[in-house]
Each structure stands twice: as C-alpha cells, then as structure tokens.
1. For Leu151, state whether it is within 14 Å of ligand 1 (Cβ to nearest atom), open to solvent by less than 10 Å² (accessible area, probe 1.4 Å) and over 17 Å from the mean Cα position of the chain (by Cα).
2. Taking the condition of being open to solvent by less than 50 Å² (accessible area, probe 1.4 Å), out of contact with any strand residue (DSSP E or B) (no Cβ under 8 Å at 6 or more places or on another chain) and in contact (Cβ under 8 Å) with a residue 24 or more places away in the chain, how many residues in region 212-225 meet it?
3. Only one of (1) open to solvent by 60 Å² or more (accessible area, probe 1.4 Å); (2) more than 14 Å from ligand 2 (Cβ to nearest atom) fails for Gln204. Which number is that?
4. Could you look through region 116-157, keep only residues that are touching a residue at least 60 places away in the same chain (Cβ under 8 Å) and within 19 Å of Pro267 (Cα to Cα), and pick out the one that is farthest from ligand 4 (Cβ to nearest atom)?
5. Sort through Asp180, Asp203, Asp216, Asp209 and tell me the only one that's among the acidic types (Asp, Glu) and within 25 Å of Arg103 (Cβ to Cβ).
6. Scan region 269-282 for residues that are outside any loop (DSSP other than H, G, I, E, B) and either of a type in the set (A, V, I, L, M, F, W, C) or touching a residue at least 24 places away in the same chain (Cβ under 8 Å) (or both) and jot them down.
7. Exactly one of these conditions fails for Asp209: (1) open to solvent by 30 Å² or more (accessible area, probe 1.4 Å); (2) in contact (Cβ under 8 Å) with a residue 24 or more places away in the chain; (3) within 16 Å of ligand 1 (Cβ to nearest atom). Give me its number.
8. Sort out which residues of region 246-261 are open to solvent by 10 Å² or more (accessible area, probe 1.4 Å) and either out of contact with any Lys or Arg (no Cβ under 6 Å at 6 or more places or on another chain) or at pLDDT below 95 (or both), and write them in order of number.
Amino acid sequence: QVKHSGRHGLRFFTAAMQQKAARHLQLVNALRYALEREQMHVVYQPQMSLIERRIVGAEALLRWSTPELGTVSPAEFIPAAEESGLIQSIGTWVLRQAVRQARAWLDLGLPPIVMAVNLSAIQFRNRELPALITRILDEEGLPPEYLELELTEAVAAHDPQGAIAIMNELHERGVRMSIDDFGTGFSSLSHLKKFKVYKLKIDQSFVRDISTDAEDKAIVSAIINMARSLGLKTIAEGVETAEQLAFLRAQQCDEMQGYYFSKPVQPAAFQQLSLEMAAKDL
Ligand code: C2E
Ligand code: MG
Ligand code: MG
Ligand code: MG
C-alpha cells in the first residue's frame, strides 16, 4: 500500500507513528501516578484441576482505569510500564497484593490454592528479585509453595545465564515457575532443559480452534505428551467451550483456565466460585 501511495503514504505512516508515540507518552505519564491514586486493582481467574475436580489455582491479573483514559487493557499498559521502567514498582505491588490475598483465603479456610503471578522479563533482570519475593512472602506469612510465577520465554532473551541463576535461586527458595504462552516464543525446547520449570501454560492461540483444526490438535497433544515425559505439569489457557474441555481431558491435560469456568473476577466473587465450583460437574 505504501509502495503505491508515495509521499502521501509516507506522510500517513508518520502521522500514525506520531499518534502512537503520543499515546505512549500519555500512558507513561498516567502510569506514574496510578498506584498512589489507587487506580489499579487485581482480579483473579480460577485454574481448575480435572483430576481433583476443583479450583487449585488463581491467576492474578492487573486492571487499571483512570478518569481521563477509562479502562486501559494490560496488553497496552504493561508494555508501556516495561519500557518506562515503571513495571518494577507496579510488579512489586501486584506481587504484594496477590500474596496477601492468597494468605487471606487460607485464613478464611477456603480450599488451598496456588497463587500465580505474571512477571515481566524486565522484573526478571533484577538480581534482587528472589530476595524481594522471599521478603514479601515472609512479611505476608505465605509459604513459598503457594506462589507460582508465570514467566514468558522472553525472560531468557536478554541474558540467559542471568535468568537461569535467578530461576535456580527462586527454585531453591521453594517458589514454582511456569512458562506462560508456551509455544509462541523462541527455542522453547532448549530452555526447558536448563530452567527449573514446574508447569507449561499452553497458549490460548492453540486452544482456540482445537475442536476443528487438526494442526492445533497435534500441537496441543504434542506439548502435553512432551511435558509428561519431562515430568512437567500442563495447563491450557483460554478454554471457552465444552468441546475444548473434552479434547484436553482426553489428552490428560492437568489443569484448565478460561471463560468456560470463569472470567477473572474480584476477590469476593472468587471466594464464591471456589465453593460453587466444587459442585460443578467437570
Ligand atoms: P496472560 O498472562 O497470558 O493472561 C491470560 C489472558 O487471557 C488474560 O488477559 C485473561 O483475562 C485472558 N483470558 C482468560 N481466559 C480467557 C478465555 O477463555 N478467552 C479469552 N479470549 N481470553 C481469556 P488480560 O487480563 O487482558 O491480560 C493480558 C496479558 O497482560 C496477560 O496475558 C499478561 O501477559 C499481561 N498481564 C496481566 N496482568 C499482569 C501483571 O500483573 N504483570 C505482568 N507482568 N503482566 C500482566
Ligand atoms: Mg499469565
Ligand atoms: Mg498466557
Ligand atoms: Mg499472554
């Protein structure tokens, strides 16, 4: 398109770029005050075990709205927080909230669940991360086995040796790690050998058409079988239909997460679900 539109097309492209840069600046400026203005909160999405037939985990997902910008999607503000460095303070805040929530649910006597928190690759470059996480767990009184960190393959892109060192340290401290969006990154298989990973989260792009697309079927069952041979657990993301559930069950996928069970919800609704879901026919 640009090829045929010449100078006009070039000008259009520049305008789009300018708009993008302006939006980025707007987000970063607003993000600086997001926490002190109490504009962020965390919602929780259940992770179901097909064997135990109950909620065994919760994924903490960050939400942000401001009077000026309305609700901004994490897909848009997380990259802005990463590029500006604000992800360090925001990420620490999410960890604290999620760990505190997990402790509160244990205190309430809910069936025990593992709290999964997404970690940016930028947070993972911080050598103090294991100490920071241990401090939060200690201060909130949560045993480390109740925390799981969801990492993407991007953690290894910048400094693989550094990433391995941090993973080893977290592993020694008893914190579990899973690979999020598994199958979408680079050289997934070589990472698995070196990283102290506990679980693979099969990316929702493979799950979406699992009932109709033969290739997606093959990819998902290959991931599940490989994980089993390596002694890793699997969880499928983005499960929306009974057909998807049936296929994943037949493949003996360990856990599932998606709108079929529940959207991410506020803590009070999560508590309700964790009692109701025990009764839901899986
Ligand atoms: P993710 O970690 O892969 O999270 C899964 C995303 O899929 C979430 O989107 C969730 O709401 C959505 N989802 C869950 N079930 C379904 C389903 O059945 N169908 C569909 N279509 N979508 C489903 P969300 O909350 O918008 O988050 C998007 C991404 O933003 C996350 O992807 C994660 O990479 C990032 N993110 C969210 N919260 C945090 C955070 O606290 N820290 C960091 N570093 N990243 C975060
Ligand atoms: Mg995740
Ligand atoms: Mg994911
Ligand atoms: Mg994702």
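1. Judged against the criteria, Leu151 is not a match.
2. Total meeting the criteria: 1.
3. (2)
4. Across region 116-157, the extreme among qualifying residues is Glu148.
5. Criteria check complete, one pass: Asp180.
6. Ala269, Phe270, Gln271, Leu273, Ser274, Leu275
7. Only one criterion is unmet by Asp209, namely (2).
8. Of everything in region 246-261, those that are open to solvent by 10 Å² or more (accessible area, probe 1.4 Å) and either out of contact with any Lys or Arg (no Cβ under 6 Å at 6 or more places or on another chain) or at pLDDT below 95 (or both) turn out to be Ala246, Phe247, Arg249, Ala250, Gln251, Gln252, Glu255, Tyr259, Tyr260, Phe261.
The values are calculated or read from the model by the stated rules, or taken from the named source; none is laboratory data. No experiment lies behind these values; they were computed from the predicted model shown. Note that each Cβ is placed from the backbone with ideal geometry, even for glycine, and that neighbours are counted across all protein chains shown. Keep in mind that these areas ignore ligands, DNA and RNA; they rest on the heavy atoms of the full protein, side chains included. Shrake-Rupley method; radii C 1.70, N 1.55, O 1.52, S 1.80 Å.
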